[in-house]
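See structure below.
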Amino acid sequence: MNEKVELGKTGLYIHSIGLGANKIAEENKETNTEYGGKVLSAAIENGLNFIDTAYYYGEGDSEEIIGKTLKENKSRDGIVIATKGAHKFTNDGVVLDNSPAFLTNAVDESLKRLQTDVIDLFYIHFPDKNTPKYEAVGALQRLKEAGKIRSIGVSNFSKDQLKEANQNGYLDVVQANYNLIDRSAEKTIFPFMLENDISFVPYYPLASGLLTGKYTKDTVISEKNKVRPQFQDDVYKKHVEKVGKLRGIAEKHDVNIHHIVLAFYLTRAPIDAVIPGARNTGQVLSNLETAAVQLTPEDIQIIENIFPLD
Ligand SMILES: NC(=O)c1ccc[n+]([C@@H]2O[C@H](COP(=O)([O-])OP(=O)(O)OC[C@H]3O[C@@H](n4cnc5c(N)ncnc54)[C@H](OP(=O)(O)O)[C@@H]3O)[C@@H](O)[C@H]2O)c1
């Protein structure tokens, strides 16, 4: 594993290859998802120290599995846990709530599920309609001063919402959709993050597996992936063809395509870490091998040419 890096200005030191822990709450034979605790333990034993979760992932199940696993392995020290809140599960469905009262309670509930005294990074998972963004972030700042969280993030905020949220300079990290297939964040929000010293954590870095290079034109797409835009007939084959063009760079570095894709993100300035999801131990351990990949300026240019910024 390579040297730890600081996550933005948070004072938290992480290895740049983290784990997106939404699948670890999804043990399921049909999708070949291993028990999350086993996947997480293997990752930690191999040096991973940055875990991304949320209350929403299994309605607390992902957080609970992380809390239980870290307790059993006595491995909380040195692990950086990021979690998120905003979803309220009601009889009428899920609603978003960023009110200070809701977020304060959400942090307390996450602390219990994670079996810890402090959450390293807490994100507002999605913006709600009514709460002024600076008030929501102000509530997180008070939780930081109270020692319940160490740093503040928001996720799925537009540029205008980010500006409002960062009115007092409290924001440390932003999380949003970003990958080679959809690089729009580079235009819309990267400049704001760079100007304001805010770190960016991309989600869907592998476009739900499509950017690993394991898909061919003839792959039968699972029911789960069929609904995702990148797997739709009209664009799917084009994506597969472009991803295949990365094979030459992967072979030169003696790695797989997903290593090249993840390594590319780490060359983008506001990105300190990536959090690919993993269904099993093999995937998470393979993703960790990205740490050894050093792309050359020529590699980066080839990738830029294949997946240009629109
Ligand atoms: N803030 C938000 O609103 C938000 C939204 C979505 C996700 N997230 C976070 O971002 C993380 C990443 O997103 P994601 O997991 O949905 O998508 P992703 O990282 O783009 O894709 C993960 C999927 O890629 C495949 N994969 C991963 N590593 C592989 C490997 N080494 N070899 C082959 N296949 C591999 C697996 O799917 P298959 O086995 O099915 O191929 C895995 O489930 C999440 O875990 C979550 O923590 C945040």
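Within the accessible area of segment 24-123, the carbon and sulfur atoms contribute 45%, probe 1.4 Å, all protein chains present. Across segment 129-137, coupling constants 3J(HN,Hα) worked out from phi with the 6.51/-1.76/1.60 Karplus curve, θ = phi - 60°, read 7, 9, 6, x, 5, 5, 6, 4, 5 Hz, and Gly and Pro carry x.
Specify whether the C-alpha gyration tensor of segment 183-310 places it in the rounded, prolate or oblate class, a ≥ b ≥ c being the square roots of the eigenvalues: rounded for a/c under 1.5, otherwise prolate if a/b is larger than b/c and oblate if not. Rounded, since a/c falls under 1.5. If you build a Gaussian network model of the chain, linking Cα atoms that sit under 10 Å apart, which residue out of Asn287, Asn46, Asn256 swings the most? So, out of Asn287, Asn46, Asn256, the one fluctuating most is Asn46. On full extension, the segment bounded by Gln232 and Lys159 gains 23.5 nm, given 0.36 nm per residue less the C-alpha separation. Treating the angle as unsigned and between 0 and 90°, give the value, to the nearest 10°, between the Cα long axis of helix 233-244 and the longest Cα principal axis of the chain. For 233-244 against the chain, the angle is about 70 degrees.
Here the Karplus curve 6.51 cos²θ - 1.76 cosθ + 1.60, taken at θ = phi - 60°, turns the phi angles of segment 66-73 into couplings of 5, x, 5, 5, 5, 5, 4, 8 Hz, with x standing for Gly and Pro. For Met1, neighbours were defined as the other residues whose beta-carbon sits under 13 Å from its Cβ, and their charges (Lys and Arg +1, Asp and Glu -1) total -2. Give, as a single signed number, the net charge of other residues whose beta carbon lies under 14 Å from the beta carbon of Arg183, with Lys and Arg counted +1 and Asp and Glu -1. Once all neighbours under 14 Å are counted, the net charge is -1. Residues whose amide H falls under 5 Å from that of Thr33, counting only those 5 or more places apart or on a different chain, are Asn28, with hydrogens built in the peptide plane.
Along the charge dipole of the chain, pointing to its positive end and built from +1/-1 on Cβ of Lys, Arg, Asp and Glu, which listed residue (Phe102, Leu143, Gly248) has its Cα farthest out? The listed residue farthest towards the positive side: Gly248.
Taking every alpha-carbon pair under 8 Å whose residues sit at least 6 apart, segment 3-119 reaches a relative contact order of 22 percent.
For Asn105 and Gln167, the difference between the fully extended length at 0.36 nm per residue and the C-alpha to C-alpha distance is 20.0 nm. Counted over all Cα-Cα pairs of the chain, pairs farther apart than 28 Å make up 38 percent. Taking Gln115, Gln161, Gln232 in turn, the Gaussian network model of the chain (Cα-Cα springs below 10 Å) assigns the largest fluctuation to Gln232.
How far is helix 297-306 tilted, in degrees, relative to the longest principal axis of the Cα atoms in the chain, given as a value from 0 to 90 rounded to the nearest 10? Helix 297-306 sits roughly 90 degrees off the main axis of the chain. Extending 7 Å from the Cα toward the beta-carbon at both Lys112 and Arg247 defines two label points whose distance is 5.3 nm. Averaging the sequence gap over all C-alpha pairs within less than 8 Å and six or more residues apart, then dividing by the number of residues, gives segment 150-292 a relative contact order of 23 percent. For the chain, a simple Cβ point-charge model (Lys and Arg +1, Asp and Glu -1, everything else neutral) yields a dipole of about 200 debye relative to the Cα centre. Relative contact order (percent) for the chain, with alpha-carbon contacts under 8 angstrom and 6 or more residues of separation? Over the chain, the number comes to 21 percent. In the chain, the DSSP-assigned H stretches of four residues or longer account for a calculated mean residue ellipticity at 222 nm of -10500 deg cm²/dmol, using -39500 (n - 2.57) per stretch and the full residue count as denominator. Of Glu289, Glu45, Glu26, the residue with the greatest mean-square motion in the GNM of the chain, using alpha carbon springs below 10 Å, is Glu45.
Under 19 Å from the 7 Å Cα→Cβ point of Asn177, by amide nitrogen: which residues of segment 192-207? Hits in segment 192-207 for Asn177 at 19 Å: 200-207.
Using only side-chain charges placed at the Cβ, +1 for Lys and Arg and -1 for Asp and Glu, the dipole size of segment 107-245 relative to its Cα centre rounds to 480 debye. Accessible surface of segment 238-310, 1.4 Å probe: 50 percent of it comes from carbon and sulfur atoms. In a reduced charge model with +1 at each Lys and Arg Cβ and -1 at each Asp and Glu Cβ, segment 15-168 shows a dipole moment near 360 debye about its Cα centre. Surface exposure of segment 11-67, expressed per residue as accessible area with a 1.4 Å probe, stands at 39 Å². The 3J(HN,Hα) values that the Karplus relation (6.51, -1.76, 1.60; θ = phi - 60°) gives for segment 76-88 are, in residue order, 5, 4, x, 8, 9, 9, 10, 9, 9, x, 2, 8, 10 Hz. Gly and Pro appear as x.
The values are calculated or read from the model by the stated rules, or taken from the named source; none is laboratory data. Just so it is clear, the structure is predicted and the values come from calculations on it, not from any experiment. Glycine also receives a Cβ, built like all others from the backbone with ideal geometry; neighbour counts cover every protein chain displayed. We work out accessible area using only protein heavy atoms, side chains counted, and drop any ligands, DNA or RNA first. Shrake-Rupley method; radii C 1.70, N 1.55, O 1.52, S 1.80 Å.
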